[in-house]
Amino acid sequence: GLPKLKKWKNRYWLIYHTYPEDGYEEGAGRFGLAWTEDESLLTWNRLPKPILTPEEGAEWERGGLYKECLLEHEGKFYLFYNAKNIPDGGRPWIEQTGLAVSSNLTDWERHAGNPVLQVSPDRWDSRFVSDPCVLRDGDRWV
């Protein structure tokens, strides 16, 4: 089904990506977390530090984190995201999809099998397997 806006611990939460320089995707992206109790969704509070950074990740994600997809299932939070292996200016770079898991939205553990969706050498998807969107469809994930 379609994603639904819902509260957790009496707040609405969102994960966002941000960049250290001006412009679209300028610099290595990081993920921040914000929350609101405002039912109009106009006033947000941000945590002071990012929840995931490329520097804390593996080689495949050191160039930056981009396009996150957050979902909750049975009390756990799953954050699918894409990352690139080379910082801005490095070409050609590769983008792959990773997964991090949390029980409280502030402390995240990257999946040991990352990247969970990898590029295929010498095929049509040899550079980008990115921009994840994961949904629950009945009893399966798509």
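The values are calculated or read from the model by the stated rules, or taken from the named source; none is laboratory data. For clarity, every value in this text was computed on a predicted model and none was experimentally measured. Don't worry about glycine lacking a Cβ; one is built from the backbone with ideal geometry, like all the others, and counts go over all protein chains shown. We work out accessible area using only protein heavy atoms, side chains counted, and drop any ligands, DNA or RNA first. Shrake-Rupley method; radii C 1.70, N 1.55, O 1.52, S 1.80 Å.
Can you pull out every residue in the stretch 53-106 that is part of a loop (DSSP other than H, G, I, E, B), out of contact with any Phe, Trp or Tyr (no Cβ under 8 Å at 6 or more places or on another chain) and over 24 Å from residue 8 (Cβ atoms)? 57, 58, 62, 87, 88, 89, 90, 91, 92, 93, listed by residue number. Taking the criterion of being within 16 Å of residue 102 (Cβ to Cβ) and either in contact with a strand residue (DSSP E or B) (Cβ under 6 Å, 6 or more places away or on another chain) or not in a strand (DSSP E or B) (or both), the residues of the stretch 7-29 that qualify are 9, 11, 13, 14, 15, 16. Filtering the stretch 123-136 for residues that are of a type in the set (S, T, N, Q) and out of contact with any Lys or Arg (no Cβ under 9 Å at 6 or more places or on another chain) leaves a non-empty set. Residue 51 meets each of the listed conditions (1) open to solvent by 60 Å² or more (accessible area, probe 1.4 Å); (2) among the hydrophobic types (A, V, I, L, M, F, W, C); (3) within 21 Å of residue 75 (Cα to Cα) apart from (1).
Scanning the stretch 75-111 for residues that are under 20 Å from residue 141 (Cα atoms), loosely packed, with under 13 Cβ neighbours inside 10 Å and charged (D, E, K, R) yields one hit, 76.
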